[in-house]
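Q: Mind having a look at this structure? Questions to follow.
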Amino acid sequence: MGVYELSLATVICINIILATSLNLITGYCGQISLGHAAFYGIGAYTAALLAKAGVWGPFNLIAAMVTAGLVGMFVGLTSLRVREDFLAITTMGVGFLFLGIVRQQESLLGGELGISSIPSFGLDKSGFFLMVLALAGVTTAFSLYVKRSWMGFAFEAVADDEDTARTLTVDVPAYKLAAFALGTAMAGLAGALYTYFARFIVPDDFGFITSITILSMVAVGGIGSVFGVIVGTALLTLMPEFFRFISDYKLLVYGALLFAVMRFAPEGLAGLNRLFTSRLKARKGGL
Amino acid sequence: MNKLLEVQDVTMRFGGVHALEDVSFQVMEGEFMSLIGPNGAGKTTMLLVITGILIPQHAKIVFAGREITRLATHKRARLGMALTHQIVRPFRSMTLLDNVALAVGHGRIRRVTRALTSVNRSAEREQARELLDLVGIGDHAQEAVTGQPLGVLKRLELARALALKPRLLLLDEPLAGLNHVEAPRLADTVVRINRRGLTVVMIEHNLGEVLRVSQRLVVLDNGRKIADGDPKAVMRMEGVRAAYVGKEEEDAAA
């Protein structure tokens, strides 16, 4: 693989971790988040500051996860008070709050100029890609495991009808907080990996457009479906690379995509795949 | 008989509307009690207050000797309260079997950490299948919830409530929407379960079935309790006839 392909593959893997992390909160547990880029950013800034302070790389990845997860759990407390559209607006507010803080804070976080000259992770490009690939694999495997576990079962109940879940002994607040903690910690990991990949971060990397992009990856792939989300992420990461105009009109294209998916195929690519295979089976059965 | 549930002075207002005003009653262990009254009397509100879904302005609720007035809904359910909804509320993304299996596995989801480390669902699905058989919808176990007729979903509600192994079963119009064959059959199932020792409180408009299966009636009208006692004696009381039966007779006369 050339340097360009290697970079692209690394970005896809980072985005897979990021989209999978939102899928855990929105897809599994039904909690809408329009500010997910904030946790990606918290992970990225944590790793950047620690890396510049000379702290060991792998430790920084864990620190980024812990910091993002703790803040995520705190933000998750809002999901105990507000639901659905109101939660979407509140999380969007959290995204803007994060952006406001990093933009204004110049002495530590670098303000609009961000943080540059971040030391390398200590691996060459292909070594770093293999590490990100392995972490994307672990994240995906963990996500699939959660879905199969009783935690995933309880998440499904909360996503479906949280009031009924309560009458069936489900501690809804605890499960929502768990979803936020796990999902945002994974987003923190993605952020730390992005920091070591780009070695230069600015506030705009973690803005509203990024939040919408992550949501589009999840929605296009199929909310709740792990493999759907992976395909959706790869597709949406590659699209702007292959078609230049998409990069220029990113928000417009992603907005249109989101609308089209919600209107015509609410279950995303995963839903379409199921539809086609069941039709194919029906046709075969008919023959 | 011991008191299982004691509801004291429940007052619940929605804005200016008094849904319940100073309502008190008791439920004895092993009893089959029906809560009746005309539409808008506050029956469903009362069940939602007992389960903690609604928080009343004033009340004292004691369940199994423990005051639960401020306890969260899921904790009340853990103490042994199960509710079926008047308007069915199945988990629509799951099969019928998994709807019940989740409730069977309530011990596994008690703690988030335990839920994350448990994967196997086969034992719970086995028990869930038995419960679906008990309420007569075992054949539909693997089917999706969407598209099922109301009769099946009503029974699913009951199976799911029983899966919690409750001490008190609260049924909100379990027979509504069932035909004249299904209704007595489901009522009989509930009676059978009650005779095995499970305490039942049922809201129901099907008076024929109510009188057939209940051991005691509590009548609500306009948010107040107007009668409490033996079903036949209660139905003879003038206030009850005026509030409840009288309206039906007027309707019939018209």
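Q: Just to be sure, is residue A:252 within 17 Å of the chain's Cα centre (by Cα), in a helix (DSSP H, G or I) and modelled with pLDDT of 80 or more?
A: Details: within 17 Å of the chain's Cα centre (by Cα): no; in a helix (DSSP H, G or I): yes; modelled with pLDDT of 80 or more: yes.
No, not satisfied.
Q: Output the qualifying pairs, or none if there are none: Cβ atoms under 7 angstrom, residues six or more apart or on different chains, first residue in the range B:26-47 and in the same structural domain as residue B:194 (by TED's automatic domain parsing) and closer than 21 Å to residue B:235 by Cα, second residue assigned to a strand (DSSP E or B) and polar (S, T, N, Q).
A: B:27/B:199; B:31/B:199
Q: Confirm whether residue B:105 is in contact with a Phe, Trp or Tyr (Cβ under 8 Å, 6 or more places away or on another chain) and touching a residue at least 12 places away in the same chain (Cβ under 8 Å).
A: On the way: in contact with a Phe, Trp or Tyr (Cβ under 8 Å, 6 or more places away or on another chain): yes; touching a residue at least 12 places away in the same chain (Cβ under 8 Å): yes.
Here the answer is yes, as residue B:105 does meet what is asked.
Q: Taking residue B:110, is it touching a residue at least 24 places away in the same chain (Cβ under 8 Å) and in a helix (DSSP H, G or I)? Before you say what the answer is, go through the steps one by one.
A: Numbers: touching a residue at least 24 places away in the same chain (Cβ under 8 Å): yes; in a helix (DSSP H, G or I): no.
So residue B:110 does not fit the description; no.
Q: Only one of these is touching a strand residue (DSSP E or B) at 6+ places or on another chain (Cβ under 6 Å) and not charged (D, E, K, R): A:246, A:223, A:201, A:230. Name it.
A: The match here is A:201.
Q: Then there's this: Scan the range A:199-227 and report the pairs whose first residue is without any contact (Cβ under 8 Å) to a residue 24 or more places away in the chain and whose second residue is hydrophobic (A, V, I, L, M, F, W, C) and part of a helix (DSSP H, G or I), with Cβ atoms within less than 9 Å and a gap of 6+ or a chain change.
A: A:204/A:99
Q: Does residue A:152 satisfy the criteria of being more than 7 Å from chain B (Cβ to nearest Cβ), surrounded by fewer than 24 Cβ atoms within 10 Å (Cβ to Cβ) and in contact (Cβ under 8 Å) with a residue 40 or more places away in the chain? Working first, answer last.
A: Working: more than 7 Å from chain B (Cβ to nearest Cβ): yes; surrounded by fewer than 24 Cβ atoms within 10 Å (Cβ to Cβ): yes; in contact (Cβ under 8 Å) with a residue 40 or more places away in the chain: yes.
Against the criterion (more than 7 Å from chain B (Cβ to nearest Cβ), surrounded by fewer than 24 Cβ atoms within 10 Å (Cβ to Cβ) and in contact (Cβ under 8 Å) with a residue 40 or more places away in the chain), residue A:152 qualifies.
Q: Check B:55, B:61 and return the single one that is outside any helix (DSSP H, G or I), more than 14 Å from every other protein chain (Cβ to nearest Cβ) and either over 15 Å from residue A:165 (Cβ atoms) or among the hydroxyl-bearing types (Ser, Thr, Tyr) (or both).
A: Values: B:55 fails: more than 14 Å from every other protein chain (Cβ to nearest Cβ).
The conditions single out B:61.
Q: When you look at residue B:50, is it within 13 Å of another protein chain (Cβ to nearest Cβ), within 16 Å of the chain's Cα centre (by Cα), of a type in the set (Val, Ile, Thr) and buried (at least 20 other Cβ atoms within 10 Å of the Cβ), yes or no? Step through it out loud before you land on a result.
A: Working: within 13 Å of another protein chain (Cβ to nearest Cβ): yes; within 16 Å of the chain's Cα centre (by Cα): yes; of a type in the set (Val, Ile, Thr): yes; buried (at least 20 other Cβ atoms within 10 Å of the Cβ): yes.
When the stated conditions are applied, residue B:50 passes them.
Q: Check A:46, A:91 and return the single one that is at pLDDT 95 or above, out of contact with any Phe, Trp or Tyr (no Cβ under 8 Å at 6 or more places or on another chain) and of a type in the set (Ser, Thr, Tyr). Show your work before the answer.
A: Values: A:91 fails: at pLDDT 95 or above.
It is A:46.
Q: Further question: Just give me the residues in the range A:12-23 being in contact with a Ser or Thr (Cβ under 6 Å, 6 or more places away or on another chain) and aliphatic (A, V, I, L, M), in sequence order. Spell out how you get there, then give the answer.
A: Taking the range A:12-23 as the starting set, the residues that turn out to be in contact with a Ser or Thr (Cβ under 6 Å, 6 or more places away or on another chain) are A:12, A:15-17, A:19-20.
Answer for the range A:12-23, where residues must be in contact with a Ser or Thr (Cβ under 6 Å, 6 or more places away or on another chain) and aliphatic (A, V, I, L, M): A:12, A:16, A:17, A:19.
Q: Working carefully through the options A:210, A:195, find the one that is of a type in the set (Val, Ile, Thr) and out of contact with any strand residue (DSSP E or B) (no Cβ under 8 Å at 6 or more places or on another chain).
A: A:210
Q: Give all pairs with beta carbons closer than 6 Å in which a residue from the range A:241-261 that is of a type in the set (Gly, Ala, Ser) meets a residue that is surrounded by 12 or more Cβ atoms within 10 Å (Cβ to Cβ) and assigned to a helix (DSSP H, G or I); count only pairs at least 6 apart in sequence or on separate chains.
A: Correct list of pairs: A:247/A:240.
The values are calculated or read from the model by the stated rules, or taken from the named source; none is laboratory data. The structure presented is a predicted model; accordingly, all values stated were derived computationally and were not measured. Because the Cβ atoms are built from the backbone with ideal geometry, glycine has one as well, and the counts that use them run over all protein chains shown.
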